[in-house]
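One structure is given here, and the rest of the page talks about it.
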Amino acid sequence: MKIIKAKDYQDFSKKAASILAAQVTLKPDSVLGLATGSTPIGTYDELVARYERGEVDFSQITTVNLDEYKGLDKDDEQSYSYFMNKHLFDRINVDKKRTHLPDGMAADPEKECERYEKLIEEIGGVDLQVMGIGNNGHIAFCEPSTIFEKKTICLDLAEATIEANKRFFDSADDVPRKAYSMGIGTIMKGKKLMMLVYGEGKADILAKALLGDITPEVPASVLQLHPDVIVIGDEGALSKFPEC
Ligand code: GLP
């Protein structure tokens, strides 16, 4: 596991964008696994800046996102589909037909999970998967549990997640109670994983995940078992890592 410490949010975003840009330069038809949340917004802004300067060409990439709220249409401003278009896809030369998220409005959730899992296999798997960490240790929407979910699932959000994500909605009542999420098994199949963690508020859960026991109670702890993980954190997020 490679841990990279950034000075501030700008430095953090640039470091993350550099790794994504290097991936696309080395393999122009990369499959990028992408994430939402407030943490990667600066990374996406930085990728857009590099695209505008002619430094990166996204025309051949394919993307798959970690998760999507169940019950939200892709044009709903709170959907992750809307988020990705707004922060990245509408601003770079990606072929929109090759950007994928679970369909929050799918009629049959079980079939939708199967479709998404199969799609990821068919496009050859993820070359570089970006992710954040929830305050409760979740990755994507894989909440603390007694098992590591193997495949894409439709699951109930934890109260802690509804509480954390209500800031994007008018009220906690408006936060969907269910979401589609890649499973831990799906995420672990990614060839390279990059976790982005910003701010002191994440220091304790990050230390628990990466230095503590490997347990589905802390889903992000599974990253300890992956052979190629990069963690980018700022001084606050990495404050519980004495060696950094
Ligand atoms: C949501 C997403 C996660 C993300 C988390 C942290 O719950 N499903 O993928 O990692 O938020 O978000 P933030 O970066 O805003 O702290």
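Just list whichever of 118/150; 2/27; 27/191; 14/202 have alpha carbons separated by over 18 Å in the model shown.
Working: 118/150 13 Å; 2/27 21 Å; 27/191 13 Å; 14/202 20 Å.
The pairs that break the limit, which is 18 Å between Cα atoms, are 2/27; 14/202.
I'd like to know which of 47, 142, 83 lies farthest towards the positive end of the charge dipole of the chain, counting +1 on Cβ of Lys and Arg and -1 on Cβ of Asp and Glu.
47
I'd like the distance separating the alpha-carbon centroids of segment 187-244 and segment 1-28, in whole Å.
The distance from the Cα centre of segment 187-244 to that of segment 1-28 comes to 16 Å.
Cβ under 12 Å from residue 200's Cβ, residue 200 left aside: what net charge do those residues give with Lys, Arg +1 and Asp, Glu -1? It would help to have the intermediate numbers written out before the result.
On the way: positive: 202, 240; negative: 204, 234, 235.
The answer is -1.
So how much slack lies between residue 160 and residue 123, counting 0.36 nm per residue of separation and subtracting their Cα-Cα distance, in nm?
Numbers: separation 37, 0.36 × 37 = 13.32 nm, distance 3.36 nm.
Contour length minus the Cα-Cα distance gives 10.0 nm.
What figure in square angstrom, to the nearest 10, would you give for the accessible area of residue 156 with a 1.4 Å probe?
100 Å²
Distance between the C-alpha centers of segment 126-141 and segment 77-122? Whole Å please.
Cα centroid of segment 126-141 versus Cα centroid of segment 77-122: 16 Å apart.
Take the solvent-accessible surface of the protein heavy atoms, probe 1.4 Å, and return the percent of it on the chain that carbon and sulfur atoms account for. Spell out each step's value before the answer.
Working: 5470 of 11080 Å².
That fraction is 49 percent.
Just reorder 55, 149 by solvent-accessible area, largest first, 1.4 Å probe, all chains present.
If we order 55, 149 from most to least accessible, we get 55, 149.
Taking 0.36 nm per residue of separation and subtracting the Cα-Cα distance, what length does fully extending residue 7 through residue 53 add?
On the way: separation 46, 0.36 × 46 = 16.56 nm, distance 2.41 nm.
Fully extending the segment from residue 7 to residue 53 adds 14.2 nm.
Which order, highest average first, do 93-103, 41-51 follow once you tally other Cβ atoms within 10 Å for each residue and take the mean per peptide? Present the calculation step by step, with values, prior to reporting the outcome.
Numbers: 93-103: 17.0, 41-51: 20.1.
Output ranking for 93-103, 41-51: 41-51, 93-103.
Taking only Cα atoms of segment 88-143, what ratio of Rg to Rh do you get with Rh as the Kirkwood inverse-distance radius? Let's see the in-between values first.
Details: Rg = 13.6 Å, Rh = 13.6 Å.
Result: Rg/Rh = 1.00.
Which value, in debye to the nearest 20, gives the size of the charge dipole of segment 1-42 about its Cα centre, when Lys and Arg are +1 and Asp and Glu are -1 at the Cβ? Before the final figure, lay out the partial values.
Values: 6 positive and 3 negative charges, 36 e Å.
Computed about the Cα centre, the dipole is about 180 debye.
What accessible area per residue comes out for the chain, rounded to a whole number of Å², with a 1.4 Å probe?
Working: 11080 Å² over 244 residues.
Normalised by residue count, the accessible surface of the chain is 45 Å².
Among rounded, prolate and oblate, which fits segment 117-244 when a ≥ b ≥ c are the square roots of the eigenvalues of its C-alpha gyration tensor, a/c under 1.5 means rounded, and a/b larger than b/c means prolate? Walk me through the numbers before you get to the answer.
Working: a/c = 1.66, a/b = 1.03, b/c = 1.61.
Oblate.
Report relative contact order for the chain in percent, whole number only (criteria: Cα-Cα under 8 Å, sequence separation at least 6).
Working: 504 pairs, mean separation 59.6, N = 244.
Normalised by residue count, the contact order of the chain is 24 percent.
Take the alpha carbon gyration tensor of the chain, find the square roots of its eigenvalues, order them as a ≥ b ≥ c, and report rounded if a/c is under 1.5; if not, report prolate when a/b exceeds b/c, else oblate.
Values: a/c = 1.32, a/b = 1.01, b/c = 1.30.
It comes out rounded by the Cα gyration axes.
To the nearest 20 debye, what charge dipole does segment 2-234 have about its Cα centre, counting +1 at the Cβ of each Lys and Arg and -1 at the Cβ of each Asp and Glu?
Details: 29 positive and 39 negative charges, 166 e Å.
Roughly 800 debye, rounded to the nearest 20.
The values are calculated or read from the model by the stated rules, or taken from the named source; none is laboratory data. If you're wondering where the values come from, they're calculated on a predicted model, not measured in any experiment. In this analysis, Cβ positions are derived from the backbone assuming ideal geometry, glycine residues included, and neighbour counts consider all displayed protein chains. Heads up: the accessible areas ignore ligands, DNA and RNA and are worked out on the full protein's heavy atoms, side chains in. Shrake-Rupley method; radii C 1.70, N 1.55, O 1.52, S 1.80 Å.
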